[in-house]
Structures are given as structure tokens and as C-alpha cells.
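*Asks:* What follows is a structure written as C-alpha cells; I'll ask about it next.
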């Protein structure tokens, strides 16, 4: 496990270096002054630009400029937003927790519905149940997320009035910002109406989380179905059947546990797709996350915010991927070997 952890740590550091190189390169590729693009100081005088250029080592080589940029990033200085002239780091601290909350809840929903349906389809292989589940997964994956978001707003918000159509919580509630994760902050608050606030925040979360979770859930159906079919065809399942165990005992004692390990291996790979869907959903539901903030920055040509947002969002995806690898390695001892740790 030590070798596996060291290799994953090396991979994490190497990926972060590549991400910072990409973010640094964007300041040269965007139109305008490279120093303004990287610092966000659109209204700076020539003297102020000279001071900023010295802090970014503009007189040195590209390598020295990159290390100066990296030192700014590590110190939390991502520059100022070109549109609002507020620090990018503060903007990210405000918007990133909302995206984390939305994506994690959507991931839980996708796994809670997709994996059991995939297992059922594999157990009922070549039956009407299997065909029905596969048809549903194909239809769910084919629905565009922007169309689905507008459709659920029309049905469940406007016509039925069951759920709010936008925002994260009603303006009637004022929750103190502690962790940034709204549901956790509500539980930590001393507000006498925190249970009403929790229900209100949960109602705001349901529709966008379900919309984001639909496509990943269909992928989890196929992954779980394939994993379960492979497990049911393995030799130890046949040996368990030869010992006299019933089919129900084989499924609950052996098959589900081993199939889950193979599904968890691919969770990190699907998380990038889930975050991409979340960015579009945040715009539709006016969810105050980093995806919506990043798309608005693209419309406003806020190049400094685009660099910082892409860097943080990519790092978030990769961190979840690494954590998934560690969970998979903890459940599957074979994955900790030299062959799988490289």
C-alpha cells in the first residue's frame, strides 16, 4: 500500500504541474497584455504594472516566470477578476462549495439508482427486465441535460409547484458561512428555524441534483451490469453453487460485494463527466456554483477568472479521482501491487 500511495502522490504532483503549466500558458494565448491577463489588473498604471511584472519576474526566462506564477498560486494569489476586480481566490471559496455539494449529491443519487438497476439487469440477463433496464439507460443517456433541466422546471416547478426552480435557498433564511457547504452550515447554525431552512435547501437541491445524476446513473447501470455478469461467470461463483449455496446466498454473500469493487474502480472516471453536466445545470437552475461562475466569466471575457476556475475545477476532479483509487485499492488488495500501482 505504501508503494501504491507514493505512486499516486507522484501522479497527483505531476498532474498539478501540468495543470499549472496549462493555466500559465493561457495568459499568453488570450488576447491582450499577458501581464494583465495573469494578474487581472485592468486599470493599473504603468508604474503599478511594472511592480506587478517584477513580482511575476517578467524580465526573466519563461521558466522563471512560471515558477513566479506558481509561487503566487501556492500563496493563494490567483489575481483579480477582470470584471469585478475582486480576488479570484475569494470568488472560488464562495462558489466552489456549492458545486461540491451539488456534484456529490448527484453522484450519490446516480450510484444509488444506477448500480442496483445494473445488478438486477445482470441477474435477470436476457429477460424482459434486462431489456427494459437497458432501454431506460439508453433513453436517459440520450436526453440532453439542458433540455431535461428546462423540462423538469416546467413540470415540477411551474405546473405542479413541488420544487423551487432556481437558487440554493430561499432569501428568507440567512445562514452563516462556515464550511461553505450549505446543508452542513445549516446543521451547524444556531438558528431556531434551521430545520425549515434545511428542508428549503433540500428542496432547492433535488431538481438540479437529479438532472445532473441522470446520465451518470445510466452509465453506472451498464458498468454494474457488466461487472455483475463477469462475477457470475467466474469460477468461485460456480464453486459456491457446487457447494450447495442457493442463488440468493451467492448473490448477497459473494456476487454483489465483488461486483461493487469493479464498479467503484470506474467512479472517478465518470466524475469528470458529472462535473461537466453540473456546469450546464448550474446555469439553468441559477445554482451559485463555480461552473456557472466560470461560464459567466467566459461570456464576460474575464481571462484571469477563466484561468483560476479551470485550474481549481480540474484539480477538484483529479482529487476525487485519486480518492476513488485509494478506496478501490483498499477494497481490492490486488490493486495495491506493483503492476496496478504504476
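*Asks:* GNM, the chain, Cα, under 10 Å: largest mean-square fluctuation among 144, 164, 216?
*Replies:* So, out of 144, 164, 216, the one fluctuating most is 144.
*Asks:* Turning to a different aspect of this structure: Could you give the angle, 0 to 90 degrees to the nearest 10, between helix 46-55's Cα long axis and the longest principal axis of the Cα atoms of the chain?
*Replies:* 50 degrees
*Asks:* In addition: By how many degrees, between 0 and 90 and to the nearest 10, does the Cα long axis of helix 290-299 differ from the longest principal axis of the chain?
*Replies:* That helix lies at roughly 50 degrees to the long axis.
*Asks:* Another one. At 222 nm, what value in deg cm²/dmol follows for the chain if DSSP H runs of at least 4 each add -39500 (n - 2.57) and the sum is divided by all its residues, to the nearest 500? List each step's numbers first, then the result.
*Replies:* On the way: 16 runs with 244 residues, N = 342.
For the chain, the value works out to -23500 deg cm²/dmol.
*Asks:* Where does segment 17-80 land on Rg/Rh, using Cα atoms and the Kirkwood Rh?
*Replies:* 0.93
*Asks:* Could I ask something else about it? Quick check of the Kirkwood formula: for segment 89-341, what is the inverse mean of 1/r over all pairs of different Cα atoms, in Å? Intermediate results must be reported in sequence, preceding the final value.
*Replies:* Numbers: mean 1/r = 0.0496 Å⁻¹.
Taking the inverse mean of 1/r over all distinct Cα pairs, segment 89-341 comes out at 20.2 Å.
*Asks:* Under a GNM of the chain (C-alpha, springs under 10 Å), which listed residue has the highest mean-square fluctuation: 129, 145, 178?
*Replies:* In the Gaussian network model the winner is 178.
*Asks:* Below 8 Å, C-alpha to C-alpha, sequence gap of six or more: please give me the relative contact order for the chain in percent. Don't skip to the end; give the middle numbers.
*Replies:* Numbers: 407 pairs, mean separation 93.9, N = 342.
In percent, rounded to a whole number, it is 27.
*Asks:* Highest GNM mean-square fluctuation, the chain, Cα pairs closer than 10 Å: which of 289, 59, 268?
*Replies:* For the chain, modelled as a Gaussian network with Cα springs under 10 Å, the answer is 59.
*Asks:* Then there is this: Nearest 10 degrees, 0 to 90: what angle lies between the long axis of helix 88-123 and the longest principal axis of the chain (Cα atoms)?
*Replies:* That works out to roughly 10 degrees.
*Asks:* How high is the relative contact order of segment 195-302, given as a whole-number percent (alpha carbon pairs under 8 Å, six or more residues apart)?
*Replies:* 28 percent
Values quoted throughout were computed directly from the atomic coordinates according to the rules given, and no laboratory measurement underlies them. Predicted model, so just to flag it, every value in this text is computed and none were measured.
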